[in-house]
Amino acid sequence: MRVLSARVRHARLNRQTGRVEAIVVLLLRPDEAADHQVVVRTSAPVQAAGAAPLRQRLAASAKLLAAVKADRSGINARAA
């Protein structure tokens, strides 16, 4: 499975947990199949020393969650 794009939508700060919760829209191209969108809810810490910027961390989290879900449902989920 290949990730063509990842767009962060509807991000909000949860002050109790110190995390940003967001909806990420992924455009995926599974092996030998038509492109489709997947909507994933995820979160990431507001501050992470030495880590990638927040948008990149949210997108990476969403990609990982989508890959795990695809693997569990039997879809061919190669490393993205």
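The values are calculated or read from the model by the stated rules, or taken from the named source; none is laboratory data. On a predicted model such as this, the values are computed, not experimentally measured, just so you know. With ideal geometry, Cβ positions are generated from the backbone for all residues, glycine too; neighbour counts draw on all protein chains shown. When the accessible area is computed, the model is the full protein with side chains, heavy atoms only, and any ligands, DNA or RNA have been set aside. Shrake-Rupley method; radii C 1.70, N 1.55, O 1.52, S 1.80 Å.
What to note about this one:
- The chain, accessible surface, carbon-and-sulfur percent (1.4 angstrom probe): 49
- Per residue, the chain exposes 72 Å² of solvent-accessible protein surface, assessed with a 1.4 angstrom probe and all protein chains in place.
- Relative to the dominant Cα principal axis of the chain, helix 54-72 is inclined by about 40°.
- Accessible surface of His10 - all protein chains present, 1.4 Å probe, nearest 10 Å²: 150
- Here's the picture: a label point sits 7 Å out from the Cα of Leu13 along the beta-carbon direction, and within the range 42-63 the residues with their amide nitrogen under 18 Å of it are 43-49, 53-58.
- With a cut-off of 12 Å between beta carbons, the residues surrounding Leu64 carry a summed charge of +2, where Lys and Arg count +1 and Asp and Glu -1.
- Given charges at beta-carbon only (K, R positive; D, E negative), |dipole| of the chain in Debye: 340
- Per residue, the chain reaches -8000 deg cm²/dmol at 222 nm when only DSSP H runs of four or more residues are counted, each adding -39500 (n - 2.57).
- Rounded if a/c under 1.5, otherwise prolate or oblate - the chain, Cα gyration tensor axes: prolate
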